[in-house]
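Peer 1: Could you have a look at this structure, given as structure tokens, before my questions?
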């Protein structure tokens with residue numbers, strides 16, 4: 001997905017939100033915003049938003065001196081999600097359509113996103129998403145691909161959300177490779193966060209190599225690109241991965257909640273909608 | 001009022017909103033945002049937001065080539081307000097407290113603001129504001145000052161809103177000087193807009209000399225500054241004038257609706273609250 005003009009004010013809001021978690025020093029925060037301002041003319045609208053996100057969050061770290069501002073929030077999100085894990089497992093087991101319930105749970109977990117200016121309550125969101133209609137629902141194609149594949153490449157999005165991903169991975173009953181970010185950026189899931197979520201018990205974990213808050217292939221490492229290129233069934237969670245991969249030419253299923261109206265508009269749905277969308281499938 | 005860090009993303013949103021009214025050319029709009037970005041490090045947090053607003057809207061005009069993007073919207077707002085004028089006059093006449101009803105009407109008119117990202121419906125807002133409690137209500141002091149003064153300096157805010165100001169001016173039954181902006185900026189009231197609203201029938205109209213979307217004294221002309229300095233009863237409408245005058249040392253009554261949470265926070269009220277606040281009174 002390209003950068004829309006409306007992403008630009010949001011870049012500043014995001015920098016400020018992350019910066020404030022790192023420091024209360026107003027001079028540093030102003031310097032951070034000034035730096036994003038200076039950077040703006042180098043950001044082409046043809047680039048994807050996570051490419052810019054990467055540069056922004058690098059500045060947050062460089063100027064505030066805090067490498068991982070969301071570290072504690074990520075840890076707490078994962079703990080909160082882990083506390084829900086047993087009840088959610090039961091919900092899947094009791095369900096008439098276990099796979100669909102697990103997909104809904106994985107999408108509900110996508111509400112744990114500190115990059116978007118939106119408060120969230122995981123339990124309330126779970127209850128809602130378990131009942132909401134999908135705005136795009138390529139479920140039959142998803143099941144077909146799942147039947148045929150011998151390996152799923154599952155690209156994670158946020159810390160905490162990974163616990164819900166784990167439930168879907170366990171339900172799919174197929175070999176999965178779980179992909180995390182290389183370095184901390186916003187509350188995106190890293191290797192450490194995936195371990196805390198217990199992903200290692202259900203799938204090997206690899207890093208995409210990126211420090212962008214989304215899968216921007218140009219910023220990924222050779223190992224990931226090789227695995228990705230050879231995959232015939234990619235699950236991409238969340239907005240940042242959608243932004244990076246929406247124009248790709250291979251089969252990808254996007255599981256996400258449209259939390260930002262610009263992305264909702266790009267997909268052709270409404271803000272708040274939930275999506276199971278396959279491309280090239 | 002100083003500039004808060006949260007004003008910075010809003011500067012970009014405002015530039016984009018105004019720019020889009022002027023042009024659909026995405027390259028020009030990107031150039032506009034790039035220019036605001038370049039300007040950012042020259043904007044001290046000690047300056048007031050309308051000082052920056054002035055520079056932003058100058059860039060909107062310079063880059064899009066449209067001097068007055070809100071011209072047609074302003075004309076239409078004033079027409080809409082004029083259509084309501086007879087019914088509102090009757091409402092004041094029938095009221096037990098004519099002055100208070102006229103104040104409420106003048107504040108409700110403050111909803112006509114294209115600088116704030118908020119849709120509005122004048123009639124619905126009028127109905128609401130006529131019943132809402134004030135968050136700050138210096139009405140007794142206002143009446144005292146009104147009794148004692150022989151001339152009111154009334155600083156207008158937006159086009160259209162001026163029609164409602166006219167009702168308050170007519171109700172106060174004291175000589176009034178009505179102040180407008182020198183040049184078009186957002187939908188702020190200019191001489192031409194005040195004429196369309198019929199202000200000339202009830203008060204002489206002077207320009208503050210500013211092209212800022214608020215009364216920033218450093219940008220005002222000598223004539224206005226002289227009148228202002230000698231005034232013992234200033235009525236300041238709206239957020240932009242509050243931002244410019246909130247730290248002044250002479251008696252001013254602010255009549256406004258807090259449409260932005262940063263300003264609401266500066267005043268110590270909630271977003272959406274209505275205010276009749278006297279300073280140095």
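The values are calculated or read from the model by the stated rules, or taken from the named source; none is laboratory data. Nothing here was measured: the structure is a model prediction, and the numbers come from that model. A quick note on method: Cβ atoms are made from the backbone with ideal geometry, for glycine too, and the neighbour counts reach across all protein chains shown.
Peer 1: Check off (1) assigned to a helix (DSSP H, G or I); (2) more than 9 Å from chain B (Cβ to nearest Cβ) for residue A:67 and give me the number that stays unchecked.
Peer 2: It is condition (1) that residue A:67 fails.
Peer 1: Which one of B:52, B:3 is within 20 Å of the chain's Cα centre (by Cα), surrounded by 21 or more Cβ atoms within 10 Å (Cβ to Cβ), more than 7 Å from chain A (Cβ to nearest Cβ) and closer than 17 Å to residue A:27 by Cα?
Peer 2: Details: B:52 fails: closer than 17 Å to residue A:27 by Cα.
The conditions single out B:3.
Peer 1: For segment B:80-193, which helices (runs of 4 or more DSSP H) that fit wholly inside it have 2 or more residues that are in contact (Cβ under 8 Å) with a residue 60 or more places away in the chain and under 15 Å from the mean Cα position of the chain (by Cα)?
Peer 2: So the answer is B:98-108, B:161-172.
Peer 1: Does at least one position in segment B:131-150 carry a residue that is within 20 Å of residue B:94 (Cβ to Cβ), touching a strand residue (DSSP E or B) at 6+ places or on another chain (Cβ under 9 Å) and either surrounded by 18 or more Cβ atoms within 10 Å (Cβ to Cβ) or modelled with pLDDT under 95 (or both)?
Peer 2: Taking every residue of segment B:131-150 in turn, at least one turns out to be within 20 Å of residue B:94 (Cβ to Cβ), touching a strand residue (DSSP E or B) at 6+ places or on another chain (Cβ under 9 Å) and either surrounded by 18 or more Cβ atoms within 10 Å (Cβ to Cβ) or modelled with pLDDT under 95 (or both).
Peer 1: Could you check segment B:230-269 and list, in sequence order, the residues that are within 12 Å of residue B:110 (Cα to Cα) and either in contact (Cβ under 8 Å) with a residue 60 or more places away in the chain or not assigned by TED's automatic domain parsing to the domain that holds residue B:108 (or both)?
Peer 2: Selection gives B:236, B:237, B:238, B:239, B:240, B:241, B:255, B:256, B:257, B:258, B:259.
Peer 1: From (1) more than 11 Å from every other protein chain (Cβ to nearest Cβ); (2) buried (at least 17 other Cβ atoms within 10 Å of the Cβ); (3) modelled with pLDDT of 95 or more, pick out the condition that doesn't hold for residue B:85.
Peer 2: (2)
Peer 1: For segment A:17-38, indicate whether the set of residues that are at the interface with another protein chain (Cβ under 9 Å from one of its Cβ atoms) and within 21 Å of residue A:113 (Cα to Cα) is non-empty.
Peer 2: There is at least one residue in segment A:17-38 that is at the interface with another protein chain (Cβ under 9 Å from one of its Cβ atoms) and within 21 Å of residue A:113 (Cα to Cα).
Peer 1: Taking the condition of being surrounded by 15 or more Cβ atoms within 10 Å (Cβ to Cβ) and more than 8 Å from chain A (Cβ to nearest Cβ), how many residues in segment B:39-49 meet it?
Peer 2: Residues that pass the stated criteria total 4.
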